[in-house]
Amino acid sequence: MAKGIEISQTAIPVSSAADYQKSLDSRWKILEILDEIVFTFTFTTTSWVTGVNYVKIYSHSKNKILPFEVQDLGSDYDTLHVPNIFATDDGIYAVIIHAAADATTAITLKLFVRIYNLDVTATYQAPSSTPSPGSGNEKALFGAEIVSNDFVGARMGDEDMTHFSLNTGAKPFQIHMHGTQNVNNDASHRLIVDHYLGYLPTFLLAGTTDQGAKYNGGVYDNPGAYAGKRTMQPLGSLAGLASSTFTTLTMRGAQSALFGNIVYLILKDPVALGK
Amino acid sequence: MTQKGIVVAQDGASLTSADTQYDSRKKRLMINLRPDLKHVALLEMVGGTALQTNAGNGYHNEEILFGPFPHKLGFTPRCLVYFYVESINGDPNAVGAGGYGDSVYFYSGSSGTIEDKIFFVVDDTNFYIKHTIDDFFGIGWTSTANTFFMGIKYMICSNKLKAI
């Protein structure tokens, strides 16, 4: 590389390391966590409005749709009021439909949300890399570690990788490509991405809507000024059936067809190698 | 945020830009590569047995294919798992062979009446690979999982699945 930093995993020479054997290659993006929050909110018995009820879970000023994940931490809600959670370009919202005939039972949302710092809906492809022929194994005693600032007492040599922001004894998720594709443009509603990685890649998908978050086949407006804008569901929320050549990933829906705009994130990690 | 660490600016941008190419001070998902932990590996196994459901009622049947595998993290970790069909009935060129899925692979289920799948489960102690079949309307079904030979790439992150 002309400029930058390149660090391979322990015992693998930089010159012959494959992309998935790098702990850091500054030419490539790494899936970086922007924030992790626990969000709690209660809809009281008197706060329901007929129609769309929504609450903002997370705010940011990046003016782009950020990928996120959600895990329930023991929310207390009834079957009539299941939240639909999605991202817009200023944050993450939970939306719940309340019909006039529904009981106005109090419900509480308690969610863990991890937000990634990545403009995943925009098109991106990492620069290509060709490793030189291998030169054999090296001693496993050499490597680099950067202790994380988030753990008081964390030290070099710790075995817990949560103590490090970089460690050649660990691998991060390096990003090969991301973007948005309208699968309606394919007669079979497939997502087709040319990745040219030379192996079958791992990936994460998320659904989007362009008119608003969908609910039971219907469409309701996005919050406030975001009506009509694209929203995105949690990363990894779409389970599809993939196949790939060394150059092209094809994805179709499992149990239901893919529809509309799909956000894809392709990682520099082969699916058929345990490394 | 402390000023210690490595920061790499994006091409054409300065280090003062809000978004950098790399910033060691920020968190990211990471997988421990210690060989004794085996937090990243490729499992190869038959996709399950020919589990059956009864006709007449909704029915659920399941089996554990791998595990309990102790991950030794002390919390429930974020995992990425991919299920890859190496062959069907021993044929790597069969229709469906070469396909793979993120977190789950459906052997059958397009009709909406059957959900026959392989997937993973993780808790604060162990990691499992499971095969389940759900027959929502009780039509009576025999799983074809035993005809599949699967490669399973799992990655157990040193990051909590939930809660900080």
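In this structure, residue B:95 and residue B:146 have a Cβ-Cβ separation that, at R0 = 22 Å, corresponds to a calculated FRET efficiency of about 0.80.
For a Förster distance of 35 Å, can you work out the FRET efficiency between the beta-carbons of residue B:124 and residue B:13, rounded to the nearest 0.05? FRET efficiency, residue B:124 to residue B:13: 0.30. Of the Cα atoms belonging to segment A:13-56, the radius of gyration and Dmax stand at 22.5, 65 Å. In chain B, Cα pairs under 8 Å separated by at least six residues give a relative contact order of 33 percent. Near the amide H of residue B:148, within less than 5 Å, lie the amide hydrogens of B:47, B:89, all on another chain or at least 5 residues away, with H placed in the peptide plane. For segment A:23-90, the relative contact order comes to 36 percent (Cα pairs under 8 Å, sequence separation of at least 6). Note on the protein assembly as shown: dipole from Cβ charges, positive end direction compared against B:93, A:195, A:185; the farthest Cα belongs to A:195. Divided by 2.2 N^0.38 Å, where N counts the residues, the Cα radius of gyration of segment B:13-52 comes to 2.26. In this structure the amide hydrogen of residue B:37, modeled in the peptide plane, comes within under 5 Å of no amide hydrogen from residues 5 or more places off or on another chain. Given their separation in residues at 0.36 nm each and the Cα-Cα distance between them, residue A:124 and residue A:14 gain 37.1 nm when the chain is fully extended. Per residue, the convex hull spanned by the Cα atoms of segment B:30-112 measures out at 160 cubic angstrom. A simple charge model with +1 on the Cβ of Lys and Arg, -1 on the Cβ of Asp and Glu and nothing else charged puts the dipole of the protein assembly as shown at about 920 debye relative to its Cα centre.
The phi-based Karplus calculation (6.51 cos²θ - 1.76 cosθ + 1.60; θ = phi - 60°) puts the 3J(HN,Hα) values of segment B:41-51 at 6, 10, 8, 10, 6, 5, x, x, 9, 7, 4 Hz, whole numbers, x for Gly and Pro.
Using only the C-alpha atoms, the convex hull of segment B:1-157 corresponds to 185 Å³ per residue. Please identify which residues in segment A:63-99 have an amide N closer than 11 Å to a label point set 7 Å out from the Cα of residue A:108, following the Cα→Cβ vector. Only A:74-77 pass the distance filter. The relative contact order of segment A:1-119 comes to 35 percent, based on Cα pairs under 8 Å that sit 6 or more residues apart. Would the protein assembly as shown count as rounded, prolate or oblate if I go by the C-alpha gyration tensor, calling it rounded below 1.5 in a/c and otherwise prolate when a/b exceeds b/c, oblate otherwise? The shape class here is oblate.
With a 10 Å cut-off around each Cβ of A:176-182, the average count of Cβ atoms from other chains is 0.
For a label point 7 angstrom out from the Cα of residue B:42 toward its Cβ, which stretches of segment B:127-141 have the backbone nitrogen within less than 13 Å? The answer is none. Hey, with R₀ at 41 Å, roughly what FRET efficiency would residue B:54 and residue A:259 work out to, going by the Cβ-Cβ distance, to 0.05? After rounding, the FRET efficiency stands at 0.75.
No lab work stands behind these numbers, since they all come straight from the coordinates. Quick caveat, the model's predicted, so the values are computed rather than measured. All Cβ positions, glycine included, derive from the backbone under ideal geometry; neighbour counts span all protein chains shown.
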